[in-house]
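Scroll down for the structure; my scribbles are underneath it.
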Amino acid sequence: MRPHTVLCNVSKEDEVQAMFDAAIETMGHVDVLLNNAGLGGYAKIVDMTDEQWHVVLEVTLIGCFRWTRGAV
């Protein structure tokens with residue numbers, strides 16, 4: 001079976017849903033979920049803006065939540 005690739009920005013709910021839709025259409029079901037999205041930052045925490053911190057949370061925390069919810 002050929003691998004199937006779908007690019008997904010985990011900070012976008014519609015892209016997460018499209019990824020799961022493509023997986024189910026291609027494979028029929030999801031057996032395993034690997035939450036591996038992560039984002040660090042280059043700024044020291046004392047220099048980090050609220051917006052930079054929000055992006056880190058959006059990818060590393062909320063993105064994992066979206067993937068888990070999509071799989072369930």
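Computed with a 1.4 Å probe over protein heavy atoms only, the accessible area of H29 comes to about 100 Å².
The share of accessible area on the chain that comes from carbon and sulfur is 58 percent, using a 1.4 angstrom probe.
Here the dipole of the chain is about 220 debye; that uses its Cα centre as origin and unit charges on the Cβ of Lys and Arg (positive) and Asp and Glu (negative). Overall shape: prolate for the chain, with the ratio a/c of the largest to smallest alpha carbon gyration tensor axis at 1.5 or above and a/b above b/c.
For the chain, the solvent-accessible area of protein heavy atoms averages 80 Å² per residue (probe radius 1.4 Å; ligands and nucleic acids excluded).
M19 sits among other residues whose Cβ lies under 12 Å from its own Cβ, and their net charge, with Lys and Arg +1 and Asp and Glu -1, is -3.
The values are calculated or read from the model by the stated rules, or taken from the named source; none is laboratory data. Keep in mind that this is a model prediction, so the values were computed, not measured. Virtual Cβ from ideal backbone geometry, glycine too; neighbours counted across all protein chains shown. Note: accessible area is taken over every heavy atom of the protein model, side chains too, but ligands, DNA and RNA are not part of it. Shrake-Rupley method; radii C 1.70, N 1.55, O 1.52, S 1.80 Å.
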